[in-house]
Amino acid sequence: MFEIQSKQRFQPPLRFLPASPTPSPSVLLLDLRFPCRRFSRVRCCSGGGNGGSAKPQQLQQRRAYPFDEIEPRWQRYWEENRTFRTPDEDLDMSKPKCYILDMFPYPSGAGLHVGHPLGYTATDILSRFKRMKGFNVLHPMGWDAFGLPAEQYAIETGTHPKVTTIRNIDRFRSQLKLLGFSYDWDREISTTDPEYYKWTQWIFLQLLKRGLAYQAEVPVNWCPALGTVLANEEVVDGVSERGGFPVIRKPMRQWMLKITSYSERLLEDLDDLDWPESIKEMQRNWIGRSEGAELEFHVIGSDGQERGIKLSVYTTRPDTIFGATYLVVAPEHISLASLVPKEQEKQVEEYRELAARKSELERTDLQKEKTGVFSGSYAKNPATGESIPIWIADYVLGSYGTGAIMAVPAHDSRDYEFAVKYDIPIIRVVEPAGTSSNFDGPYVDDGFVINSSNMSSGLNINGLTCKEAATEVIDWLERTGHGSKKVNYKLRDWLFARQRYWGEPFPVIFLNETGELVPLPESQLPLTLPELDDFTPTGTGEPPLAKAKTWVNTIDPISGKAARRETNTMPQWAGSCWYYLRFMDPKNSTALVNKDKERYWSPVDIYVGGAEHSVLHLLYARFWHKVLYDIGVVSTIEPFRCLINQGLILGEVEYVAYKDAEGRLLSADSVSDVGEYAQERIPIEKVTKAGDFYVLKDDLSIRLISRSYKMSKSRGNVINPDDVVSEYGADSLRLYEMFMGPLRDSKAWSTGGIEGVHRFLARIWRLVVGAPLPDGSYREGTVVTDDKPTLEQLRALHKCIDKVSEEIQETRFNTGISAMMEFINAAYKWDNHPKPIMEAFILLLSPYAPHMAEELWFRLGHSSSLAYENFPE
Ligand code: ANZ
């Protein structure tokens, strides 16, 4: 939930424009010649007519200019002329390039959301602008179409995911076309197309060849009641989303990708990227580099004898070694069994089962009460020489560091809480400069080391700063063979398998005789998904692909031996890891991408998408890119030079008043304990603004709360872009989404706002075409004149050119629109509108409102699209 401050500008609902009489359906056919592009006839609008098809009276009345005729015409024109096709073999590589990419969508059944066009309009403006600036522009669109929803739908309805996917893609494509985006549709790709996933499989084989793909037993979300493995998003609070059955973590054979081999490069190369600092920081945190030491503790049995086993721990605070009063091992630690004597086994096993039901998030939640069980063994602290207990506790994770820690309760909050609960000694070894040593609770900051010397171990770090002490301890560890300096990363290897049908099959087989893994020869790619009619889980945890018996049972093409195919499929991230490369050369059947094309187009210059992909998608894609760089497929070390995250579009602002027990409305400023009062939603017609606040129109003393929420079906605040387009036109939607505020900010939808920009477009229309004729239609051509521009007119134009160009380059589209509004306000005061001035303005407008701009351009006597005209200087 996002709260919108009441300071935001109030936009009362604007009245619709006065009704215009029903226009005559006169349609003029223009003869247009296009010198270099395929010719098509364009119907130019001279009136409000629409070729005879009757429009509902209401819509006719609302539209302030005939967008409903202009827009489909230009969309048809662009499509027929392939106006935005980026040349492929015939590309002039001496020109500069600009690769502008949207994060391609998952074509969900719900269709486009108003959030989608926000980023897409921004990239479209940039693409149109760059074309007009003389760049070769690559601006493609495709579909990230494997994934769970289509499969769940298949389970429920029996409709094959392929069918659902094609249907959804068709819907998305036509919705995008309705918005006039200048994609090169000749380059459209879908991750579900075998000709595409052939290369996803090919990359997997390269990873396998280099030891970057391997199999391991890894815990998965196993739901015994449903008999299936669940994806993380299908598990809510430890139970299955469907049915609410308990889910446990159970080890299963999985494919893993060794992204950890690239930790350091993934971290280092972030520095030079033109990305939001916050996203870089999120990636840094995700990679989680930390420096410390790994050291070994000898295990001692309850009889006090060394057991000949060593337990290795990872610590970032070697300076606190004298304060380590116990060790903790994770419940899933591999050496656990060897630590636990018979008499403790039952208790430990019970605890392990308990821990297996918790997610890592729950286990590491600082707020949750710490739990644990004594292992029955002890260890010798190498610094103090003392014997300390070894505990098993789930706040230590098996997958990080060594899966075991030395616990220092005086200086770590989790250890402190645990030690207090289980009555373990707490020894303070660091104190802040210049304070006495009485304390309650752990002291976690830096300071000076105390209580840290032992003659027999030969270590004395008393009086040193924490940093100095850490260095000293590491030296001592290395000298005495107890341990060494160690860098650790939070990043884990990537679990690269799903127990699902609708994903890329793995191009590997296992020989029946020996179980040996055999990669398929590259010549056998793509390995296509078999047809299947039953997508329900097998009940055994085996993926649904196991049901495709004739597909699963196969012959090794090399040895001729009987074999089984892998029945897991790749995760949804796979296809989106490298799609930006395929757009450079989408039809290549012999290589993932042609080397020359890759060298020309790489890297993506501007990548726009939601911040929700700032960690995983971007990290995985960067990882694959670096592997492809290492094997010579790509020429750059990073895939995306500049990244922009568009903000969220929230629902229309909602107004709420508080009510007392008698149902009387209370002013928001008089309510102190908001929990005590009921709330009443106030319709916008009853709201007005007084100073900085919203109040009731009927009673100005009642101050209201204004808030905007994420759009959701359940809240009923979802705006459908199709409705907006049919009511106001695509140009209005595009312009409005850009005018709402800075691209990167979250902002609330406002119907009043879209009406405002719609009227602005109508003002431009009337300025160039003239006022409507008495029957509501518009004259042919324009009302611009052949006069020489005055100095004042030139000044206004150049001010606008300057501002619009700068703001587009700085991706501040909203202020670019303000500059155009200023220009139009000025132009309304002029007696005449000379052609050179108005033509230049139309070119400025064209990236934002391309349909209207093209229409006016034609009316001004041009015979081809303005898409490749020079942007005014
Ligand atoms: C002793 C100590 C003393 C620690 C102290 C901290 C403070 P980062 O920065 O996240 O790398 N740790 C190590 N492995 C762990 C695991 N598998 N699960 C949970 N905790 C683990 O943190 C490293 C610190 O987190 C390590 O340093 C260890 O606790 C703990 F005053 O060791 B420390």
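The values are calculated or read from the model by the stated rules, or taken from the named source; none is laboratory data. From a predicted model like this one, the values you see are computed outputs, not experimental measurements. Backbone-built Cβ (ideal geometry, glycine too); neighbour counts: all protein chains shown. Please note that ligands, DNA and RNA were not included when accessible areas were found on the heavy atoms of the full protein model with its side chains. Shrake-Rupley method; radii C 1.70, N 1.55, O 1.52, S 1.80 Å.
At R0 = 35 Å, how high is the FRET efficiency between Glu513 and Arg492 if r is their beta carbon distance? Nearest 0.05 is fine. Efficiency at R0 = 35 Å is approximately 0.55. Against the criterion of solvent-accessible heavy-atom surface with a 1.4 angstrom probe, Ser670, Ser335 sort, most first, into Ser670, Ser335. Computed over the stretch 751-873, relative contact order equals 27 percent, with contacts defined as Cα pairs under 8 Å that lie 6+ residues apart. For the stretch 149-238, with all protein chains in place and a probe radius of 1.4 Å, 55% of the accessible heavy-atom surface sits on carbon or sulfur. Pairs over the 25 Å Cα-Cα cut-off, from the set Lys370/Lys710; Lys250/Lys368; Lys547/Lys713: Lys370/Lys710; Lys547/Lys713.
For Lys421, a cut-off of 20 angstrom between C-alpha atoms picks up these aspartates and glutamates, skipping any fewer than 8 places away in its own chain: Glu350, Glu362, Asp365, Glu369, Asp394, Asp412, Asp440.
Can you sort Met256, Met821 by 1.4 Å-probe accessible area, starting with the largest?
Numbers: Met256 15, Met821 45 Å².
Result, largest first: Met821, Met256.
Relative contact order for the chain: what is it in percent, counting Cα pairs under 8 Å that are at least 6 residues apart? Could you put the intermediate results ahead of the total?
Working: 1631 pairs, mean separation 144.8, N = 873.
Reported relative contact order: 17 percent.
Counting 0.36 nm for each residue step from Val615 to Cys642 and taking away their Cα separation leaves a gain of 8.2 nm. The alpha carbon centroids of the stretch 215-285 and the stretch 105-172 are separated by 24 Å. The lysines whose alpha-carbon is closer than 22 Å to the alpha-carbon of Lys380, local same-chain residues fewer than 8 away aside, are Lys310, Lys342, Lys485, Lys486.
Hey, can you find the accessible area per residue of the stretch 770-872 for me, probe 1.4 Å, expressed in square angstrom?
Counting only protein heavy atoms, the per-residue value for the stretch 770-872 is 42 Å².
On C-alpha positions alone, give me the angle between the axis of helix 413-422 and the longest principal axis of the chain, in degrees, nearest 10. Approximately 40 degrees, to the nearest 10. Using C-alpha pairs below 8 Å separated by at least 6 residues, the relative contact order for the stretch 472-524 is 17 percent. Between Val420 and Ser818, the modelled label-to-label distance comes to 5.3 nm, taking each label 7 Å out from Cα in the direction of the beta carbon.
Sorting 135-148, 822-835 by their mean Cβ neighbour count within 10 Å, with the most densely packed peptide first, gives 135-148, 822-835.
Can you give the FRET efficiency for Leu773 and Glu80, using 1/(1 + (r/R0)^6), R0 = 45 Å, r = Cβ-Cβ distance, to the nearest 0.05? Please report the intermediate quantities before stating the final value.
Details: r = 30 Å, r/R0 = 0.67.
Using R0 = 45 Å, I get an efficiency of 0.90.
Helix 751-769 versus the longest principal axis of the chain: what is the Cα-based angle in degrees, 0 to 90, to the nearest 10? Value to nearest ten degrees: 40.
Among 592-603, 518-529, what's the highest-first ranking by average C-beta atoms within 10 angstrom per residue? List each step's numbers first, then the result.
Details: 592-603: 18.1, 518-529: 15.7.
Averaged packing, sorted descending, gives the order 592-603, 518-529.
Can you send over the carbon and sulfur percentage of the accessible area for the stretch 341-407, probe radius 1.4 Å, protein chains only? Carbon-and-sulfur percentage of accessible area, whole number: 52. Only aspartates and glutamates eight or more places from Lys689 in sequence, or on another chain, were considered; those with a Cα closer than 13 Å are Asp698, Asp699. The simple Förster model, with R0 at 25 Å and r as the Cβ-Cβ distance, assigns Lys467 and Asp440 a FRET efficiency of 0.45. Taking 0.36 nm per residue of separation and subtracting the Cα-Cα distance, full extension of the segment from Asp475 to Lys697 would add 72.5 nm.
Which value, in Å², gives the accessible area per residue of the stretch 136-293 when a 1.4 Å probe is used on the protein heavy atoms? Provide the component values of the computation, followed by the final result.
Details: 6450 Å² over 158 residues.
Computed with neighbouring chains in place, this is 41 Å² per residue.
Projecting label points 7 angstrom from Cα along Cα→Cβ for Thr364 and Ile166 puts them 4.4 nm apart. For the stretch 530-650, the carbon plus sulfur part of the accessible surface works out to 54%, probe radius 1.4 Å.
Taking label positions 7 Å along the Cα-Cβ direction at both Asp92 and Ala690, the computed distance is 6.5 nm, reported to one decimal.
One decimal place: the segment Lys788-Glu350 gains 148.6 nm when fully extended, by the rule 0.36 nm per residue minus the C-alpha distance.
Any idea what angle helix 730-739 forms with the longest principal axis of the chain, computed on alpha-carbon atoms, 0 to 90 degrees, nearest 10? Compared with the principal axis, the helix lies near 50 degrees.
For every helix of n ≥ 4 consecutive DSSP H residues, a contribution of -39,500 (n - 2.57) applies; sum these over the chain, divide by its total residues, and give [θ] at 222 nm rounded to the nearest 500 deg cm²/dmol. Mind dumping the intermediate values first?
Numbers: 25 runs with 271 residues, N = 873.
Counting only the DSSP helices, I get -9500 deg cm²/dmol.
Cross-link check: pairs Lys490/Lys747; Lys130/Lys799; Lys198/Lys549; Lys97/Lys280; Lys177/Lys597 evaluated at a Cα-Cα cut-off of 24 Å; pairs beyond the cut-off: Lys490/Lys747; Lys97/Lys280; Lys177/Lys597.
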